[in-house]
Amino acid sequence: MAVAVAGLAAGALLVTGLAAEAGSASAAGSAGLKTLAEAKGRYFGTALTQSNLSVPALTAVAAAQFDMVTPGNEMKWDTTEPSNGSYNFAPGDQIVSYAQSIGAKVRGHNLVWHSQLPSWVSSLPTAQVQAAMEAHITTEATHYKGKVYSWDVVNEPFNEDGTLRQDAFYAAMGSGYIADALRTAHAADPGAKLYLNDYNIEGENAKSDAMYNLVSSLKAQGVPIDGVGLESHFILGQVPSTLQANMQRFAALGVNVAVTELDDRIQLPASSANLSQQASDYAAVVNACLTVTGCVGVSQWGVGDADSWIPGTFSGYGAATMYDNNYQPKPAYSAVVTALGGSTSSPSASASASASPSPSASATGSAGACKVADVVNAWNTGLTENITLTNTGSTTISGWSLGFTLPAGQTVTSAWNTTITPASGTVTGVNLSYNGTLAPGAATTIGFQATHTGNAAAPAAFTLNGRSCTAG
Ligand code: 9MR
């Protein structure tokens, strides 16, 4: 999995553009995906790994956009019980704490899976596997009791032909291991929604038929099962036409469905036509979920393209998420906003423009319009920021003031090509004598140095002469 680990390491270069603008939509007085989804009775989530948490441009997006977090790896068996009876919940706890800090819930992922399973489990004598599985489920689900919205109790149990995988659990217990796992999880945390999660079960096919039959049988036996997770690792243009009907048939069994790991991979380099198709694909998924009453929410697998597992697994493919490598929203983001009932002014518009369509939110193409590209270079206690302003309007700007709010703890100590006042909070940068005139299309770069106390994020939004700027 390709993870951008930048964080606050000395010299870490964060090319943020207006990533934080997309990320901090609420700070700009408007809503992100989560607020729009909540208005529709759904959630919008993302996977997060520990290393993600030290990337300010990423967490700015996460905090503003998502109200559900799935730990990418931190609750899997190889992390939580690397040797028999020895548990490590610190990485998972860190994800839970972060989720709580941004007001998000947590999808626990996962309790029983053939993969990322430590070898001590698969090496156990068959007669000891059931006890080990039950102990693992009980200990982990008890540890996170009250802290997770749901558990993927059994992950990816099926082969593509709809037979059950012949893993250690199946070998020890036969198909009954699934009911046993669900019952054990329910006993440990009766409040958590219990899911079976798999890939290639999004459309109607042999594998989803098998999942359907399993859930139907579990319900008939009174086994605690609350939902089915459709991972939804799609290939561009290949969202199954039966997605909604498939969701509906599961819902008709009396379980919820969730899109748990959405991404949509593109053969690189991605063309603009590809990105448009991806926008349609994302919208189709969100629309299906909104149409099916039992669909509780959609989670993307990773915040941005830089965090996606796709390039590391599917050679030549990538660009699979709604945010590019610099956490700029892609056309898929706008399409999802629209599907959720928000509005956007352009594919590159920020979330602040998207969810709060005020006249000033989209300045592109009009007099006084601007775009801002922001490059942050952060170290443990300080940062420099170089900001390029471009006049994207049709008339010359004569004299400008750039408004923005510094994240808490940042204090400007010096500035170049501008004067910035005050030194912290909501500040204004004013042109100097030599850079106040910007003809249409002209750009100027200004910058500043600041100290910080842990938050090196870029400002959430910029205004130029009172008008919102777009990213660019
Ligand atoms: O995103 C996860 C990646 O970091 C791991 O290397 C990989 C190992 O299997 O698992 C990834 O997440 C998977 C998820 O847990 C289950 N469905 C498929 C996901 C992508 O592989």
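Treating only the Cα positions of the chain as identical point scatterers, give the base-10 log of I(q)/I(0) from the Debye formula at each q in 0.06, 0.13 Å⁻¹. Ignoring solvent entirely, the Cα scatterers give -0.29, -1.13. Approximating the spin labels as points 7 Å out from Cα along Cα→Cβ, the N455-to-W379 distance works out to 2.3 nm.
Sequentially through the stretch 433-444, phi angles give Karplus couplings (6.51, -1.76, 1.60; θ = phi - 60°) of 4, 9, 10, x, 9, 10, 5, x, x, 7, 10, 9 Hz, Gly and Pro residues having no value and appearing as x. Distance between the C-alpha centres of the stretch 185-254 and the stretch 108-166: 17 Å, rounded to the whole angstrom. Applying a 4.7 Å Cβ-Cβ cutoff to the chain, no cysteine is left without a disulfide-compatible partner.
Gyration tensor analysis over the Cα atoms of the stretch 60-139 returns equivalent ellipsoid semi-axes of 29, 10, 10 Å (largest first, whole Å). Note that the chain presents 35 Å² accessible area per residue, ligands and nucleic acids not counted, probe 1.4 Å.
Taking amide H atoms as placed 1.01 Å from N in the peptide plane, the amide H of S299 lies under 5 Å from those of G45, V259, T260, E261, L262, each 5 or more residues away in sequence or on another chain. The angle separating the long axis of helix 126-143 from the principal Cα axis of greatest extent in the chain is about 40 degrees. Given +1 at the Cβ of Lys and Arg, -1 at the Cβ of Asp and Glu and no other charges, the dipole of the chain around its Cα centre is 1040 debye to the nearest 20.
Any idea which of G41, A57, S97 is furthest toward the positive side of the dipole for the stretch 37-122, if Lys and Arg beta-carbons carry +1 and Asp and Glu beta-carbons -1? Farthest along the dipole direction, towards plus: G41. Only Cα pairs under 8 Å and 6+ residues apart enter the sum, and on that basis the relative contact order of the chain stands at 18 percent. Measure nothing but the geometry: give the 0 to 90° angle between the long axis through the Cα atoms of 176-188 and the longest principal axis through the Cα atoms of the chain, rounded to 10°. That works out to roughly 60 degrees. Shown for the chain: the carbon plus sulfur share of the solvent-accessible area, taken with all protein chains present and a 1.4 angstrom probe, equals 52%.
Taking amide H atoms as placed 1.01 Å from N in the peptide plane, the amide H of K105 lies under 5 Å from those of M68, V69, each 5 or more residues away in sequence or on another chain.
The antiparallel fraction among DSSP beta bridges confined to the chain stands at about 55%.
Exposed loop sites, defined as GluC sites (Glu not before Pro) outside DSSP H, G, I, E and B with at most 16 other Cβ atoms within 10 Å, are absent from the longest region of the chain, namely 205-472. Between N386 and S280, the modelled labels are 4.0 nm apart [label points 7 Å from Cα along Cα→Cβ].
The values are calculated or read from the model by the stated rules, or taken from the named source; none is laboratory data. Every value quoted in this text rests on a predicted model; they were computed, and no experiment measured them. Positions of Cβ are backbone-derived with ideal geometry, glycine not excepted, and every protein chain shown enters the neighbour counts. Remember, those area values only see protein heavy atoms, side chains included, never the ligands or the DNA or RNA. Shrake-Rupley method; radii C 1.70, N 1.55, O 1.52, S 1.80 Å.
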